[in-house]
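Take a look at the structure set out below.
Nothing in this text is a laboratory measurement; each read-out follows from the coordinates by a stated rule. Not measured: the values here are computed from a predicted model. So basically every Cβ, Gly included, is an ideal-geometry build from the backbone, and we count neighbours across all protein chains shown.
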Amino acid sequence: MKKTSKWLVLFLAIVIVASVGLVACGTDTSDEPTEQSSTSGTTDKDKPAVEQKLRLNARTEPPSLDPGTATDSTSFEILRVLMEGLVRLDKNGQVTKGSGMAKDWKVSDDQLTYTFYLKDDIYWSNGDPVTAQDFEYAWKRVLNPETAADYAYQLYYLKNGEAYNNGEATADEVGVKALDDKTLEVVLEAPTPYFLQLTAFGTLYPVNKNVVESNPNWAADASTYVSNGPFKLASWEHDSEVVVTKNENYWNKDEVKLDEISWVMVNDDNTAYQLFLNKEIDIDAAPQELTYELIQKGEATSTPILGTYMYLFNTQDEIFKNKNIRKAFSIAIDRDAIVNQVTKGGQIPAYGFVPPGSSPDMGVDFREYNGDLIPDVSEAKKYLELGMKELGLTELPTITLSYNTSEGHKKIAQAIQAMWKDNLGVEVELSNQEWKVYLETIDAGEFQIGRYGWLGDYMDPMTFMDMWVTGGGNNGAHYSNPEYDALIEKAKSTADQKVRLEALAEAEKILMDEAVVAPIYFYTRVFIQQDYVKGVVRHGDGATDFTWTYIEK
């Protein structure tokens, strides 16, 4: 998790360790091991068949199951089994032909034109055929200014995509066109090395044009929902439970072993853990207070993922419009203490914004290349005094730190609240809101400091960097800097990885020098899972795919 890859992905709504994250939501081709399916060669005919139902905990209501407007990891986790794009990343996180709606594709010599050929046997859950027109319609719908999609910028790679989104071009001028029912032509603004990865991302899923145009609220109720993926939406009791069942119209249904997946919405760690112990939940995030103990006992698993947990500053706020005030609050956070004494789930302290492992095609790890960009805690007070002088203040007014309701976020906020008191002498109030309300608060800019998180949508530093451009849909800091924008545009307009690396590295230095955000740690995925659950595929960006999952008892 567009808001948030990551996969708004911002990572604000999935619980990872103590985190209900925004997502970005996203895709990945990392080398992280995935749990592969294994089946027994013998069958006990006298043994009743195992019920193929998987029970999960979403922790919170998914804000949207419309691919065009979804921005968070909770929504995208469900969408990943309901929908399918031109590509579905395989069990190893790789792009392979025939894995999704497209059976094949060709790329022009100049890397600007992609021609996708769709399978013949692909259908929506209502029986309608999936067509190239569905993809064209869906992508242009995301870019349509009237949709106001936060993730519209993921389609700025298309020729005239940004221009159309800004009202400077027509839909017909956008570089996506159905040549016939089974052929989709895509023309890009510039060579984009990770474009095929993007086609697996939720914002680029197709939608059924007839369904969407006949009912604008089609995605809010199971009775009107139409999907093209492994599962279909069976029921949605809002703020309580989402249930999906196997989609018999799915082209690869024989590979789908589960009959049903359900997500309850239990946010309290203790309650959720008790449900897990009672085998009423099959997979969940490890409870914050028990994370270290469970990892040590081998009852929880911790793996790094491509994501950053952070606080962002509202750069339009009367106090935090000042760069030095922002720097003071960022520098005053003892990141090592947070991961060693609070989260204790193997997280990596973040002294830059882009996490390790984001740049497999650049020949060097971006994080190592750009180094640590946040000064020592001892420098914090100096920047605070300078900022207050620039603002003409002798003391700061009340400062509020906002976060979405979660015990994990609360513990981190309380620890950092104490650090700001000790290192800056500043009193900070804490304010928490339920997920959907919190997203609205961030979007409206009605905050001073806000908890944020981001998971990469694809394996490239750009998935972390382009969110901060002026007017970006996931630019929760409401930041604007022409120099930063120009560097991002430079990196987007070339396939030369050395040029891209240098431009993105310089952009990150600006982001950190101006303290637009205060990265706190790089995520790990800490989860508990019943041993009878098999075949769960987990990608390095935090995305989980249950397409191949099954129950074996």
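Only helical DSSP H runs with n ≥ 4 go in: add -39500 (n - 2.57) per run for the chain, normalise by residue count and round the 222 nm mean residue ellipticity to 500 deg cm²/dmol. Write out the running numbers ahead of the final one.
Working: 15 runs with 138 residues, N = 553.
About -7000 deg cm²/dmol.
For the stretch 463-520, what is the charge dipole size about the Cα centre, in debye to the nearest 20, if Lys and Arg each add +1 at the Cβ and Asp and Glu each add -1 at the Cβ? Write out the running numbers ahead of the final one.
Working: 5 positive and 10 negative charges, 34 e Å.
Taking the Cα centre of the stretch 463-520 as origin, the dipole is about 160 debye.
Antiparallel versus total DSSP beta bridges in the stretch 304-524: what percent is that, nearest 5? Show your work: numbers first, answer last.
Numbers: 15 of 23 bridges.
Close to 65 percent.
For Val437 and Asn215 in the same chain, what is the full-extension length gain: residue separation times 0.36 nm, less their Cα-Cα distance, in nm?
Details: separation 222, 0.36 × 222 = 79.92 nm, distance 2.49 nm.
Length difference between fully extended and current span is 77.4 nm.
Order by neighbour count: Thr549, Thr147, Thr74, fewest other Cβ atoms within 10 Å first, most last.
On the way: Thr549 23, Thr147 15, Thr74 31.
Lowest count first: Thr147, Thr549, Thr74.
Let's test this: bin the Cα-Cα distances of the stretch 403-442 at 10 Å from zero up to the farthest pair and state each bin's percent.
It works out to 30, 44, 24, 2, in whole percents.
At a Förster radius of 25 Å, what calculated FRET efficiency corresponds to the Cβ-Cβ distance of Glu506 and Lys389, to the nearest 0.05? Working shown, then result.
On the way: r = 29 Å, r/R0 = 1.15.
Calculated transfer efficiency: 0.30.
Please list, in order, the residues from the stretch 243-267 whose amide nitrogen is less than 12 Å from a point placed 7 Å along the Cα→Cβ vector of Glu280.
What the label zone holds, given the 12 Å backbone N cut-off, is 264-266.
With unit charges on the beta carbon (Lys/Arg positive, Asp/Glu negative), name the residue among Tyr484, Thr192, Tyr309 whose Cα is farthest towards the positive pole of the charge dipole of the chain.
Checked the options; the winner is Tyr309.
Find the percent of Cα-Cα distances in the stretch 190-243 that exceed 19 Å, and round it to a whole number. Don't skip to the end; give the middle numbers.
Working: 629 of 1431 pairs.
Of all Cα-Cα distances in the stretch 190-243, 44 percent exceed 19 Å.
Taking 0.36 nm per intervening residue step and subtracting the Cα-Cα distance, what contour gain separates Val364 from Val107 on full extension?
On the way: separation 257, 0.36 × 257 = 92.52 nm, distance 2.62 nm.
So the chain would gain 89.9 nm between Val364 and Val107.
Could you name the lysines in cross-link range of Lys389, using Cα to Cα under 20 Å and dropping any fewer than eight places away on the same chain?
List returned: Lys321, Lys323, Lys327, Lys381, Lys421.
Which loop GluC sites (Glu not before Pro) in the stretch 243-277, with loop taken from DSSP, have no more than 16 other Cβ atoms within 10 angstrom of their Cβ?
Details: sites: Glu248, Glu255, Glu260; in loops: Glu248.
Those that pass, being in a loop and sparsely packed, are Glu248.
Through the Karplus equation 6.51 cos²θ - 1.76 cosθ + 1.60, θ set to phi - 60°, convert the phi angles of the stretch 298-305 into ³J(HN,Hα) values in whole Hz; use x for Gly and Pro.
x, 9, 9, 10, 10, 9, x, 9
In the structure displayed, which of Lys257/Lys534; Lys382/Lys411; Lys91/Lys159; Lys297/Lys410; Lys232/Lys257; Lys140/Lys182 lie more than 20 Å apart, Cα to Cα? Kindly include the intermediate steps, with their values, before the conclusion.
Numbers: Lys257/Lys534 11 Å; Lys382/Lys411 27 Å; Lys91/Lys159 31 Å; Lys297/Lys410 26 Å; Lys232/Lys257 14 Å; Lys140/Lys182 18 Å.
Those over the limit are Lys382/Lys411; Lys91/Lys159; Lys297/Lys410.
Only Lys, Arg, Asp and Glu count, each charged at its Cβ (+1, +1, -1, -1), so figure out the dipole size of the chain about its Cα centre, rounded to 20 debye. Present the calculation step by step, with values, prior to reporting the outcome.
Numbers: 51 positive and 86 negative charges, 122 e Å.
Dipole of the chain, to the nearest 20 debye: 580 debye.
Where does the charge balance sit around Val226 when Lys and Arg score +1, Asp and Glu -1, over other residues with C-beta under 9 Å from its C-beta?
Working: positive: Lys232; negative: Asp128.
My count for the surroundings of Val226 gives 0.
Radius of gyration and Dmax for the stretch 111-208's Cα atoms, expressed in Å?
According to the Cα coordinates of the stretch 111-208, Rg and Dmax are 13.0, 38 Å.
Take the Cα atoms of the stretch 415-553, build their convex hull, and give its volume per residue in Å³. Walk me through the numbers before you get to the answer.
Numbers: hull volume 24.4 nm³, N = 139.
With only Cα atoms used, the stretch 415-553 gives 176 Å³ per residue.
For the chain, what proportion of DSSP beta bridges, expressed in % and rounded to the nearest 5, is antiparallel?
Numbers: 56 of 71 bridges.
The answer is about 80 percent antiparallel.
At a temperature of 25 °C and a viscosity of 0.890 mPa s, determine how fast the stretch 304-524 diffuses translationally according to Stokes-Einstein, using the Kirkwood radius over alpha-carbon pairs as Rh; express D in µm²/s, rounded to the nearest whole number.
Numbers: Rh = 17.6 Å.
In µm²/s, the coefficient is 139.
Translational diffusion coefficient of the chain at 25 °C, 0.890 mPa s, Stokes-Einstein with Kirkwood Rh over Cα pairs, in µm²/s as a whole number. List each step's numbers first, then the result.
On the way: Rh = 23.6 Å.
D = 104 µm²/s.
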